[in-house]
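Q: Below you will find the structure I want to go over with you.
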Amino acid sequence: MGYAATVMTRLPWWTLFLVAAVWIGVGLKLRWGHPANARYRKMWPWSLLPLSLWGVYVYLADSFGIVDLGAVFFHLQAGMAEHGGAGKMISALLYTLIMIGVLAAVTWLSRHDQRWRLAERFSLFCYWLATRCFMA
């Protein structure tokens, strides 16, 4: 909402944080996301693996352009293991920290919110259905 408010109006970029703070305040005041029968259940969401692979793909696509997985394997087998400078190392570190945050958020939401657990099951069913259709 904050991004839409700053892009669609002539507000300066720093108002994004103000709009986000207002929405977080409203959510805390109205107790959004706190169901009456909330239960903690230890589970590992199945979507952590696809999200991890997606994070690797986004890093490779941002660093090297269009990513061809065959070319990546070719260069690794040929011994081309250099990264290309310190800027790439900082970028890789930032991408890794961001993906750890995303994975932690998905895990926390799946463990604390029944709606996310149901969405996980539905997504798994859709994935299974899609792979069964392409296998036939």
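The values are calculated or read from the model by the stated rules, or taken from the named source; none is laboratory data. Every value quoted in this text rests on a predicted model; they were computed, and no experiment measured them. Backbone-built Cβ (ideal geometry, glycine too); neighbour counts: all protein chains shown.
Q: Sort out which residues of region 58-114 are within 21 Å of Leu48 (Cα to Cα) and at pLDDT below 75, and write them in order of number.
A: Leu69
Q: Still on this structure, I have one more. Identify, please: which residue in region 25-57 is surrounded by 13 or more Cβ atoms within 10 Å (Cβ to Cβ) and assigned to a loop (DSSP other than H, G, I, E, B) and is, among those, modelled with the highest pLDDT?
A: Among those that are surrounded by 13 or more Cβ atoms within 10 Å (Cβ to Cβ) and assigned to a loop (DSSP other than H, G, I, E, B), it is Pro45.
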